[in-house]
1. Any residue that is out of contact with any Pro (no Cβ under 7 Å at 6 or more places or on another chain), under 16 Å from residue 187 (Cβ atoms) and open to solvent by 50 Å² or more (accessible area, probe 1.4 Å) - is there at least one of those in segment 210-231?
2. What is the number of the single condition among (1) in contact (Cβ under 8 Å) with a residue 40 or more places away in the chain; (2) in contact with a helix residue (DSSP H, G or I) (Cβ under 6 Å, 6 or more places away or on another chain) that residue 221 does not meet?
3. Out of 161, 134, report the one residue that is modelled with pLDDT under 95, in contact with a Ser or Thr (Cβ under 6 Å, 6 or more places away or on another chain) and of a type in the set (A, V, I, L, M).
4. Taking the conditions exactly as written (more than 26 Å from residue 171 (Cβ to Cβ) and touching a helix residue (DSSP H, G or I) at 6+ places or on another chain (Cβ under 6 Å)), does residue 202 satisfy them or not?
5. For segment 228-262, name all the residues that are in contact with a strand residue (DSSP E or B) (Cβ under 7 Å, 6 or more places away or on another chain) and among the aliphatic types (A, V, I, L, M).
6. Would you mind stating whether residue 155 is in a strand (DSSP E or B), surrounded by 14 or more Cβ atoms within 10 Å (Cβ to Cβ) and without any contact (Cβ under 8 Å) to a residue 60 or more places away in the chain?
7. May I ask you to say which residue of 170, 175, 148, 184 is under 18 Å from the mean Cα position of the chain (by Cα), more than 24 Å from residue 244 (Cα to Cα) and open to solvent by less than 30 Å² (accessible area, probe 1.4 Å)?
8. Can you tell me which residues in segment 232-262 are open to solvent by less than 80 Å² (accessible area, probe 1.4 Å) and acidic (Asp, Glu)?
Amino acid sequence: MTATTPRVGQAAATGRGEPQTSAPGRARELLRRGFGLIGPRHPRHSVTVDQLGTLALPVADDGVVIGVDAESRPAVLGLNRPMPYDVVLIGGLWTVQVIALRAAATGARVAVETGRAQVWMQMVHAMGGGQNGMAVYDVGRVPPQGASAGTPVLVVRDCGMRPPRGRVVSGPWQSVLTLLPYVSPVAPRLVRQARLVGIQRVSPDEATELGRTMALTRAEMDSLPGLSDGLTLWCTDRDRQYVMTQPTDAETGLLGTPRRVD
């Protein structure tokens, strides 16, 4: 719905000097010319410009529900995009695995690049042995995924403190989520390249370094060492949002309760 304005000349005579006719008169003229019956008239559904701001929804776009915000509203991460999208999470494996599970549940294919395949295979077996959208690969062995609008892909890079440059990078309909357990020497480069960065509980020194790299406020830096398990500060260039990831019963049975350290 959009704001509308009257058409120019709507209430005036025609540009040919002809007198304005009444609505019944125009109807009779159309019938005479063979344009058929005129359907019912309904008032336009329109709002003023001042009312447009009230047409907001609590969820910005479709995607993966990764938790709730400070006002207990669903927080949605849109991973399936027609352009490259890189996400970095400085945090725990538990949160990344929840995101991967939920991404697969929305129809995305998930390719996990990891040096600890054993911690992912339980998920793969629970999802049907790799037949339901999740596959695990050794570091540097992820093949081209053939992502498209109909088959979007999430590549999860669980490659330790110093992940090597990936062979499969983000692209249209293929997002890359990189997990860093702590702030490592490569973290500033990955953070600068990412479109979205999530930060879980870190040490005061790490919080200070991230504050410099990401231009965090003093309050945001001070909050990072005290974040509870499952709580993440998600950051873009302009926005900051605290999100609490709450597992479902099925996720708790498979992955356990939220935890920062694995």
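The values are calculated or read from the model by the stated rules, or taken from the named source; none is laboratory data. All of these numbers come straight from a predicted model, not from anything done at the bench. Note that each Cβ is placed from the backbone with ideal geometry, even for glycine, and that neighbours are counted across all protein chains shown. Please note that ligands, DNA and RNA were not included when accessible areas were found on the heavy atoms of the full protein model with its side chains. Shrake-Rupley method; radii C 1.70, N 1.55, O 1.52, S 1.80 Å.
1. Filtering segment 210-231 for residues out of contact with any Pro (no Cβ under 7 Å at 6 or more places or on another chain) gives 210-212, 214-224, 226-228, 231.
Adding the requirement that they be under 16 Å from residue 187 (Cβ atoms) leaves 210-212, 214-216, 221, 224.
When the remaining residues are screened for being open to solvent by 50 Å² or more (accessible area, probe 1.4 Å), the result is 212, 215.
Scanning segment 210-231, I find at least one residue that is out of contact with any Pro (no Cβ under 7 Å at 6 or more places or on another chain), under 16 Å from residue 187 (Cβ atoms) and open to solvent by 50 Å² or more (accessible area, probe 1.4 Å), so the answer is yes.
2. Unmet for residue 221, out of (1) in contact (Cβ under 8 Å) with a residue 40 or more places away in the chain; (2) in contact with a helix residue (DSSP H, G or I) (Cβ under 6 Å, 6 or more places away or on another chain): (1).
3. Numbers: 134 fails: in contact with a Ser or Thr (Cβ under 6 Å, 6 or more places away or on another chain).
Unique residue meeting the criteria: 161.
4. Values: more than 26 Å from residue 171 (Cβ to Cβ): yes; touching a helix residue (DSSP H, G or I) at 6+ places or on another chain (Cβ under 6 Å): yes.
So residue 202 fits the description; yes.
5. Taking segment 228-262 as the starting set, the residues that turn out to be in contact with a strand residue (DSSP E or B) (Cβ under 7 Å, 6 or more places away or on another chain) are 230-236, 240-246.
Within segment 228-262, 231, 233, 243, 244 qualify.
6. Values: in a strand (DSSP E or B): yes; surrounded by 14 or more Cβ atoms within 10 Å (Cβ to Cβ): yes; without any contact (Cβ under 8 Å) to a residue 60 or more places away in the chain: yes.
Yes; evaluated as a whole, the condition is true for this residue.
7. Working: 175 fails: more than 24 Å from residue 244 (Cα to Cα); 148 fails: open to solvent by less than 30 Å² (accessible area, probe 1.4 Å); 184 fails: under 18 Å from the mean Cα position of the chain (by Cα).
Exactly one of 170, 175, 148, 184 is under 18 Å from the mean Cα position of the chain (by Cα), more than 24 Å from residue 244 (Cα to Cα) and open to solvent by less than 30 Å² (accessible area, probe 1.4 Å), namely 170.
8. Once the filter is applied, which keeps residues that are open to solvent by less than 80 Å² (accessible area, probe 1.4 Å) and acidic (Asp, Glu), segment 232-262 yields only 251.
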